[in-house]
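A.B. asks: Starting off with a structure, shown below.
The values are calculated or read from the model by the stated rules, or taken from the named source; none is laboratory data. Keep in mind it's a predicted model, so treat the numbers as computed, not measured. Backbone-built Cβ (ideal geometry, glycine too); neighbour counts: all protein chains shown.
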Amino acid sequence: MDYYAHPTAIIDDGAIIGEGSKIWHFCHVMPNSEMGKKCILGQNVMVAPRVKLGNNVKVQNNVSIYTGVICEDDTFLGPSMVFTNVINPRSFLERKEEFRTTLVKKGASIGANATVICGVTLGAYCLIGAGAVVTKDVPDYALVVGNPARHLGWVSRRGLRLHFDEKGEAICPESKERYQLKNGAVALL
């Protein structure tokens, strides 16, 4: 194996796990799921069939990643955050044919105890605040908080607040990268 799995972890046949990944206590990685290189699954994480995790995805403790979720490279899933995969589940109805795709784009971070309703796209480098309930798409670099999640501002790739001047330009205080806000969208210059 070119990855680490704690002895209590269950890795089903048919799961693809990238080099350098680490799977900790009481995790279950199901068949036909894919994990890229250098991923980390914290304690008690479940990865369902057909889930796709890119490279360097960090999943904190107590997260279930259900069929329909795609996480691109460098995404962060905070402790006990929740994904759904059916919009109106009922225990007496089989709705596996109704699973919706949820896309978490490169560099996005989801805070602890946040809930992401299925079928949305979380933009690149967006930041979902702890406890937020995301019910609609989130733009690249957006900061959203609350229930339902509402747009509070913008963040840099490093997750720091951006303050735009009258020209619609901002500089990350840490990286010094420059950003442009135009027509309600942020782009790295």
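A.B. asks: Filtering the range 85-114 down to residues that are of a type in the set (Ser, Thr, Tyr) and closer than 25 Å to GLY18 by Cα, which residue is farthest from the chain's Cα centre (by Cα)?
C.D. replies: Selected residue: THR101.
A.B. asks: Could you please tell me which pairs satisfy a Cβ distance under 9 Å, a separation of 6+ or placement on different chains, a first residue in the range 162-185 that is farther than 15 Å from LEU127 by Cβ, and a second residue that is surrounded by 14 or more Cβ atoms within 10 Å (Cβ to Cβ) and of a type in the set (Asp, Glu)?
C.D. replies: Here the result reads ILE171/GLU177; ARG178/GLU169; GLN180/GLU169; LEU181/GLU169; ALA185/ASP140, each pair linking the range 162-185 to a residue that is surrounded by 14 or more Cβ atoms within 10 Å (Cβ to Cβ) and of a type in the set (Asp, Glu).
A.B. asks: Among the residues of the range 158-174, is there at least one that is touching a strand residue (DSSP E or B) at 6+ places or on another chain (Cβ under 7 Å), closer than 15 Å to GLY78 by Cα, modelled with pLDDT of 95 or more and outside any loop (DSSP other than H, G, I, E, B)?
C.D. replies: no
A.B. asks: Looking at GLU97 and the list (1) free of Cβ contacts under 8 Å to residues at least 12 places away in the same chain; (2) assigned to a strand (DSSP E or B); (3) not polar (S, T, N, Q), which single condition is not satisfied?
C.D. replies: (2)
A.B. asks: For the range 1-30, which residues satisfy the criterion of being of a type in the set (Phe, Trp, Tyr) and either under 18 Å from PRO49 (Cα atoms) or part of a strand (DSSP E or B) (or both)?
C.D. replies: TYR4, PHE26
A.B. asks: Quick check on my filter: what residues within the range 145-159 are under 17 Å from ALA187 (Cα atoms) and surrounded by 17 or more Cβ atoms within 10 Å (Cβ to Cβ)?
C.D. replies: Result: TRP154, VAL155, SER156, ARG157.
A.B. asks: Report yes if LYS105 is buried (at least 20 other Cβ atoms within 10 Å of the Cβ) and under 17 Å from HIS151 (Cβ atoms), otherwise no.
C.D. replies: In short, yes.
A.B. asks: Could you check how many residues of the range 56-74 are over 9 Å from the mean Cα position of the chain (by Cα) and not charged (D, E, K, R)?
C.D. replies: 10
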